[in-house]
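Structure, as structure tokens:
The values are calculated or read from the model by the stated rules, or taken from the named source; none is laboratory data. What you see is a predicted model; the values in this text were computed from it and never measured. As a convention, Cβ positions derive from the backbone with ideal geometry for all residues, glycine included, and neighbour counts pool all protein chains shown.
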Amino acid sequence: MRIVSLVPSATEMLFALGLGDDLVAVTHECDYPPEALKLPRVTRDVLPAGLSAAEIDAAVKERTLNGESIYMLDEDVLHELQPDLIVTQALCAVCAVSYDDVRAVAEEIDSQPLVISLDPHTIGEVLGDARTIAQATDAKDAAVDLIRESSERIDRVRLAVRGAERPRVVALEWLDPPYAAGHWTPQMIEYAGGDDALGFAGEHSQECSWDEVAAMKPDIVLVIPCGFDAEIAHREAEMHRDQLASLGARQVIALDAAAYFSRPGPRLIDGLELLGTILHPDLLPANPEYEGKALPVDLDVA
């Protein structure tokens, strides 16, 4: 089967299901696993490089309000590849090529590829996507194994923190302006032994004000700007030192959102385990595998 993935999380899921050899193309943002970097790219970002967080937010809002995507799809390459299956999403206009655009292109390709849209809002729905892909690719055994292993890892974290005092947590997936993380992130915080003070599981992320964040009186603030790694997230936090300091939290942690929070794929379980070690280090010891993926923000330094 010839598969094209138009979402980084789908690429990760396909590899996790043992379907990496069937992939013939991915997006310009597909960087995991490393094998994905060797595949042809069929998308590109239309936003100019070097924009600030505020400029990115403004540009995304303008294009989405006008019904325009922030990604371009290389239709000529898609026609040349003649895929049997295209995996995309319609959950977030910021995360991938427009679903309607993909469907329109697919109808013109001679191979008449099946188009699957993955649109999870919760961890359970993310794991359900493994079943969806498996049904289209005859990878049912691999899906069963992946779901079982993921469920066992989730249960281990939940059991470890059961009965522990729950810190109040705010997860910010953007800082200029601030956005409270939604979808699966509040659920991850709950499973890791915390109480999400702003986000709602299964709901869209919400723009908010710094005053609204401060009113929640968080114990811990997670800085997880969408699509950024830990180092860039830490840099963004440093640029918003005053606002973050005003929240009064005992900890502000910049995390690798691109790997563990932004993409609804198998590595959300890694993110959950990492969260557990942050919220309850006495119950879940640090895992060397996640070294450098969570960087404390020192707000006392001028």
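Which ranges mark the helices (runs of 4 or more DSSP H) fully within segment 221-302 that have 1 or more residues being of a type in the set (Phe, Trp, Tyr)?
Helices (runs of 4 or more DSSP H) meeting the threshold: 257-260.
Matching residues to (1) surrounded by fewer than 19 Cβ atoms within 10 Å (Cβ to Cβ); (2) of a type in the set (Val, Ile, Thr); (3) in the same structural domain as residue 258 (by TED's automatic domain parsing); (4) in contact with a Lys or Arg (Cβ under 8 Å, 6 or more places away or on another chain):
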site: 16; (1), (2), (3), (4): no, no, no, no
site: 35; (1), (2), (3), (4): yes, no, no, no
site: 38; (1), (2), (3), (4): yes, no, no, no
site: 60; (1), (2), (3), (4): yes, yes, no, no
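Tell me whether segment 148-160 contains one or more residues that are modelled with pLDDT under 95 and of a type in the set (D, E, K, R).
For segment 148-160, residues modelled with pLDDT under 95 and of a type in the set (D, E, K, R): absent.
Would you list the strands (runs of 3 or more DSSP E) that sit entirely within segment 114-217 and hold 1 or more residues that are free of Cβ contacts under 8 Å to residues at least 40 places away in the same chain and surrounded by 18 or more Cβ atoms within 10 Å (Cβ to Cβ)?
Here the list reads 114-117, 178-180.
Out of all the residues in segment 71-94, which are surrounded by 16 or more Cβ atoms within 10 Å (Cβ to Cβ), β-branched (Val, Ile, Thr) and either more than 20 Å from the chain's Cα centre (by Cα) or modelled with pLDDT of 70 or more (or both)?
86, 87, 88
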